[in-house]
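Below you'll find the structure, written out as structure tokens, and then a few comments.
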Amino acid sequence: MAAYDSKFLDELYNVFEPFEPLQPGDPQYVDCRAVRGDGDILTDLGNKIRRSQHMTCQLYAGHRGAGKSTELLRLKEYLEQNKFLVVYFAADEADIDAEDAEYADILLACTRHLLEDLKDIAKPDPLTEWLRGRWQELKDLALTEVTFESLSVESQIAQFAKLTANLRAVPSLRRQIRDKINPHTVTLTAALNEFIAEAKKNLPKDCEKLAVIVDNLDRMVPVPQDSGRTNHEEIFIDRSEQLRALDCHLLYTVPISLVYSSRSTDLQQNYGDPQVLPMIMVQNSDGTVNDAGVEKLTEIITKRVAKTSLDSETLTTEIFESAELLQRLCLMSGGHVRNLLLLMQAAINRMSQLPISKRAVQRAIAEARETYRRSVEHDEWEILAKVHRNKQIIINEDKARNLLFKRCLLEYCDFNEEGELLSWRDAHPLIKNLPEFKEAIAALEK
């Protein structure tokens, strides 16, 4: 067995970076459609956008860290290859605070990114005129004292970026900005559409259509509103007409908990059926190991290892003490890609040399399990046990949806013997060995 120094372990640790989506064409990408219900974002969403003669607005859901951003970047490339100009942005990186987001934040984010990406092919006049009319109300919130007329066009455009930056970074200004923007969202949308209309007339020669992809809205934490609903419902249902109003093809990510809420029919009515990216199926609904799913997760690890100087063919001889350890790590991830990468990093972090030992894997699993234990409320263990037993959630059960949002419940998709596509849910494997979960199961069986 070869010896590997600490520098190599550092290299190995970093190839399992869990928070960066893969770019299209990355050799680390693994096609997991066969163990994710055979869904394909290029077919299911891309073809609808490409073929439709009317503007489309679609929703894309899934657990955070499941790989949605990687798939959306593939979709972006696919649309660009089919003569689309695509404006893509991750809304939580600079525009919204995922812990406290509302519709006005998203509209301002769309305005900022469309302005920045299309300013060379369309005049910003409709939007700068809209801002000029409200400058006295908004200039203090943009943290500037200058008169609007004294600003250059570039500086006028930059005020939208300042507003979105303050929405995200200055909580004390957040409510004030929303209160000033909300009464004027219809006129802002109209101004934005006027800007979009000119941009569509001046698209580059190799482009024929415009699409906007807004990523990471699924990370928005549900916040109760005065109406008794959450901000999720306020944004995607109460404001659905405005979300759909931009005159281009639109795709928004949406929290998976809303897809399985009592408002799911409203989502379907307004957007069509949301596309859901399920987990990689490492276990079947009857609890048996799904070998194909485990093989896909092993392939994910193998392709990451291939970026190092280590021969990836030695995965179970030089990286892990045994094939059983590798399989256990895959099973404990629940088929959740980010969980898998985090577990790998945690196990590597405990080693001063390879191979990764049984003890290191056990500690990585135990630490992750404890994180999940802390995220479950006292009265949620029974819900986890019921879903584990029935493989379904009660649509109008708020706590079950919250467990989906927290990734304590995971979504899977497979085919039955008749070839029908079936979705089912189960408790995260990390939870199933906790004493609280076992007690909840025992109580159900009495």
**Q.** Candidates Arg407, Arg401, filtered to the one that is under 13 Å from Gly334 (Cα atoms) and in contact with a helix residue (DSSP H, G or I) (Cβ under 9 Å, 6 or more places away or on another chain)
**A.** Arg407
Q: Hey, can you tell me all the residues within the range 178-224 that are touching a residue at least 60 places away in the same chain (Cβ under 8 Å) and in a strand (DSSP E or B)?
A: Lys209, Leu210, Ala211, Val212, Ile213, Val214, Asp215
Q. Which fully enclosed helices (runs of 4 or more DSSP H) of the range 101-148 have 3 or more residues being of a type in the set (D, E, K, R) and surrounded by fewer than 22 Cβ atoms within 10 Å (Cβ to Cβ)?
A. 125-132
Q. Has the range 284-293 got any residue that is more than 27 Å from Thr253 (Cα to Cα), surrounded by 16 or more Cβ atoms within 10 Å (Cβ to Cβ) and either in contact with a helix residue (DSSP H, G or I) (Cβ under 9 Å, 6 or more places away or on another chain) or of a type in the set (D, E, K, R) (or both)?
A. yes
Q. Pick from the range 96-119 the residues that are modelled with pLDDT of 95 or more and of a type in the set (Val, Ile, Thr): which of them is nearest to Thr230 (Cα to Cα)?
A. Ile106
Q) When the range 425-446 is examined, which residues are found to be over 23 Å from Cys330 (Cβ atoms) and either of a type outside the set (Gly, Ala, Ser) or part of a loop (DSSP other than H, G, I, E, B) (or both)? A) Pro435, Glu436, Glu439, Ile441, Leu444, Glu445, Lys446
Q.
So, Thr253, is that one of a type in the set (Ser, Thr, Tyr), open to solvent by less than 10 Å² (accessible area, probe 1.4 Å), modelled with pLDDT of 90 or more and not in a loop (DSSP other than H, G, I, E, B) or not?
A. yes
Q. Which one of Leu403, Leu430, Leu410, Leu421 is at pLDDT 95 or above and touching a strand residue (DSSP E or B) at 6+ places or on another chain (Cβ under 7 Å)?
A. Leu410
Q: Considering (1) closer than 27 Å to Leu422 by Cβ; (2) of a type in the set (Gly, Ala, Ser); (3) not in a helix (DSSP H, G or I), say which one Gly25 fails and leave the rest.
A: (1)
Q.
Just to be sure before I move on: is Ile356 open to solvent by less than 40 Å² (accessible area, probe 1.4 Å), closer than 30 Å to Asp398 by Cα and in contact with a Lys or Arg (Cβ under 9 Å, 6 or more places away or on another chain) in the structure I sent?
A. no
Q) Can you find even one residue in the range 416-424 that is in contact with a helix residue (DSSP H, G or I) (Cβ under 8 Å, 6 or more places away or on another chain) and either part of a strand (DSSP E or B) or open to solvent by 30 Å² or more (accessible area, probe 1.4 Å) (or both)? A) no
Q) So, in the range 46-65, of the ones that are farther than 27 Å from Ile280 by Cβ and assigned to a loop (DSSP other than H, G, I, E, B), which residue ends up least open to solvent (accessible area, probe 1.4 Å)? A) Thr56
(Q) Please go through (1) without any contact (Cβ under 8 Å) to a residue 40 or more places away in the chain; (2) surrounded by 20 or more Cβ atoms within 10 Å (Cβ to Cβ) for Arg175 and return the number of the only condition it doesn't satisfy. (A) (2)
Q: Please state which of the following conditions Ile393 fails to meet, knowing it meets all the rest: (1) closer than 26 Å to Gln275 by Cβ; (2) open to solvent by 80 Å² or more (accessible area, probe 1.4 Å); (3) within 27 Å of the chain's Cα centre (by Cα).
A: (2)
Q: Could you identify the single residue in Glu80, Glu17 that is surrounded by fewer than 17 Cβ atoms within 10 Å (Cβ to Cβ) and assigned to a helix (DSSP H, G or I)?
A: Glu80
Q: For residues that are surrounded by 18 or more Cβ atoms within 10 Å (Cβ to Cβ) and among the acidic types (Asp, Glu), tally how many sit in the range 425-446.
A: 1
Q) Among the candidates Leu329, Leu297, Leu342, which residue alone is surrounded by fewer than 22 Cβ atoms within 10 Å (Cβ to Cβ), in a helix (DSSP H, G or I) and among the aliphatic types (A, V, I, L, M)? A) Leu342
**Q.** Only one of Ala94, Ala98, Ala90 that is hydrophobic (A, V, I, L, M, F, W, C) and under 19 Å from His336 (Cβ atoms)
**A.** Ala98
Q | Conditions (1) part of a helix (DSSP H, G or I); (2) more than 19 Å from Asn290 (Cβ to Cβ): number failed by Ile393 | A | (1)
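The values are calculated or read from the model by the stated rules, or taken from the named source; none is laboratory data. Remember, it's a predicted structure, so these values are computed and weren't measured experimentally. All Cβ positions, even for glycine, are placed from backbone atoms using ideal geometry, and neighbour counts span all protein chains on display. We work out accessible area using only protein heavy atoms, side chains counted, and drop any ligands, DNA or RNA first. Shrake-Rupley method; radii C 1.70, N 1.55, O 1.52, S 1.80 Å.
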